[in-house]
Amino acid sequence: KSIIGYDNSPYRKSILQAGSIYLYDNEDNDSSNTFTDGADMTEAIWRDILQQNGFNRTTMYEAEGLRPKNRPMPKSDKDLNAVNLMNYLTDMDFGMVNILAHGTPDRLNRRVWYPDENNDGIPQSSEIKHPELISADRIYGKTIRSSIVIATACSTANIAGGAATLATAMLKQGAGAYIGATTVNYFTPSWSKPSDGGNQTI
């Protein structure tokens, strides 16, 4: 029913693009860690594919936490958080939803560095928070109005052992299709273009 609705809907060419932060510069004093923002992926998808094909979009990017001085917060329609995302998923019709975040089988989490407790300018694991963005538990009892949900994240479609996954919850509560990973999938630090590879490119 949802797929048929998608094919015939006036909102088929609308997308909600939500991008969280994957990684911070020099995280835990590891110089191989470079700042990686999901907003870069969503902007590339918009610029290279969707905009020229007549789509309209709504964006949600990370607005909390500390960022490198040369990487200001990208402007978005709404701040990325659990309340705003759930409101969009249950109150508005989108042809597609694409969320980039950190995943486990039953949830998506953001990654926020705050505060810099020792004022050394280096994000430490103890300073990084992982606020929940969405979970299977929060979805049950709601109606997901978007047709195709894509999670650029680890493991949210991992149904091994009969787990109550995010994918399962989305489909049971109204999504027409769910595209997600069945296991860990790797991102490319400082991704900026498709040739960089990783799950952002996929």
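The values are calculated or read from the model by the stated rules, or taken from the named source; none is laboratory data. If you're wondering where the values come from, they're calculated on a predicted model, not measured in any experiment. Cβ sites come from the backbone with ideal geometry, for glycine too, and all protein chains shown count toward neighbours. Quick note on the areas: whole protein, heavy atoms, side chains included, nothing else; ligands and nucleic acids left out. Shrake-Rupley method; radii C 1.70, N 1.55, O 1.52, S 1.80 Å.
Once phi is turned into ³J(HN,Hα) by the Karplus curve 6.51 cos²θ - 1.76 cosθ + 1.60 with θ = phi - 60°, what whole-Hz value does each residue of segment 107-118 show in order, with x for glycine and proline?
Whole-Hz 3J(HN,Hα) from phi for segment 107-118: 7, 10, 10, 7, 9, 10, 8, 4, x, 7, 4, 9.
For segment 26-106, just run the numbers: alpha carbon Rg, then divide by 2.2 N^0.38 Å, N being how many residues it has.
Ratio of Cα Rg to 2.2 N^0.38 Å: 1.26.
State the percentage of accessible surface on the chain attributable to carbon and sulfur atoms; use a 1.4 Å probe and exclude ligands, DNA and RNA.
51
Specify the angular offset, from 0 to 90 degrees and rounded to the nearest 10, of the alpha carbon long axis of helix 82-91 from the longest principal axis of the alpha carbons in the chain.
Once rounded, the angle reads 20 degrees.
Let me check something: with ligands and nucleic acids excluded, how do Val184, Val112 order by accessible area (1.4 Å probe), largest to smallest?
From most exposed to least exposed: Val184, Val112.
Please give the FRET efficiency for Lys129 paired with Ile4, using the beta carbon to beta carbon distance and R0 = 35 Å, rounded to the nearest 0.05.
Efficiency at R0 = 35 Å is approximately 0.25.
As an exercise, identify the chymotrypsin sites (Phe, Trp or Tyr not before Pro) in segment 63-171 lying in DSSP coil whose Cβ has no more than 15 other Cβ atoms within 10 Å.
Tyr140
Any of Lys78/Lys172; Lys13/Lys78; Lys75/Lys193; Lys78/Lys129; Lys172/Lys193 with alpha carbons more than 23 Å apart? Name them for me.
In this structure, Lys78/Lys172; Lys172/Lys193 lie more than 23 Å apart at Cα.
Taking the chain as a Gaussian network, Cα atoms linked when under 10 Å apart, which of Asp120, Asp25, Asp40 shows the biggest mean-square fluctuation?
Asp120
Can you find, among Ala63, Gly5, Thr36, the residue sitting farthest towards the positive end of the charge dipole of segment 5-137, where Lys and Arg contribute +1 and Asp and Glu -1 at Cβ?
Gly5
Cα convex hull of segment 1-57: how many Å³ per residue?
98
In nm, give the distance between the simple-model label positions of Tyr114 and Asn53, each being 7 Å from the Cα along the Cα-to-Cβ direction.
Modelled inter-label distance: 3.5 nm.
Step through the residues of segment 162-171 one at a time and calculate ³J(HN,Hα) from phi using the Karplus curve (6.51 cos²θ - 1.76 cosθ + 1.60, θ = phi - 60°), rounding each to whole Hz and writing x for Gly and Pro.
Residue by residue, segment 162-171 yields x, 4, 7, 8, 4, 4, 4, 4, 4, 5 Hz.
Compute the length gained on full extension between Asp30 and Ala63: take 0.36 nm times their separation in residues and subtract their Cα-Cα distance, giving the result in nm to one decimal.
Going from the current span to full extension adds 9.5 nm.
Just flag the trypsin sites (Lys or Arg not before Pro) in segment 118-172 sitting in loop per DSSP whose Cβ has no more than 16 other Cβ atoms within 10 Å.
Passing both the DSSP loop test and the Cβ count: Lys142.
Step through the residues of segment 154-160 one at a time and calculate ³J(HN,Hα) from phi using the Karplus curve (6.51 cos²θ - 1.76 cosθ + 1.60, θ = phi - 60°), rounding each to whole Hz and writing x for Gly and Pro.
Result, ordered by residue: 7, 6, 6, 10, 7, 8, 4 Hz.
Counting only heavy atoms of the protein chains, get the accessible area per residue of segment 121-202 (1.4 Å probe) and round it to a whole Å² value.
47
How much length is gained on full extension from Asp79 to Thr183, taking 0.36 nm per residue of separation minus their Cα-Cα distance?
Value of the extension gain: 34.6 nm.
Mean shadow of the chain, computed from the convex hull of its alpha carbons, in nm²?
Across all orientations, the chain yields a mean hull projection of 11.7 nm².
If you take the charge dipole of the chain about its Cα centre, with +1 on Lys and Arg Cβ and -1 on Asp and Glu Cβ, which of Pro194, Gly54, Gly103 is farthest toward its positive end?
My answer, from the dipole projection, is Gly54.
Which value in Å does the Kirkwood hydrodynamic radius of segment 132-202 take, with 1/r averaged over all unlike C-alpha pairs and then inverted?
Evaluated over segment 132-202, this radius sits at 13.1 Å.
So what's the net charge close to Asn70: Lys and Arg +1, Asp and Glu -1, counting the other residues with Cβ under 13 Å from its Cβ?
+1
Can you give the charge dipole size of segment 36-134 about its Cα centre, rounded to the nearest 20 debye, using +1 on the beta carbon of Lys and Arg and -1 on the beta carbon of Asp and Glu?
200
Calculate the dipole size of the chain relative to its Cα centre from +1 charges on Lys and Arg beta carbons and -1 charges on Asp and Glu beta carbons; express the result in debye to the nearest 20.
920
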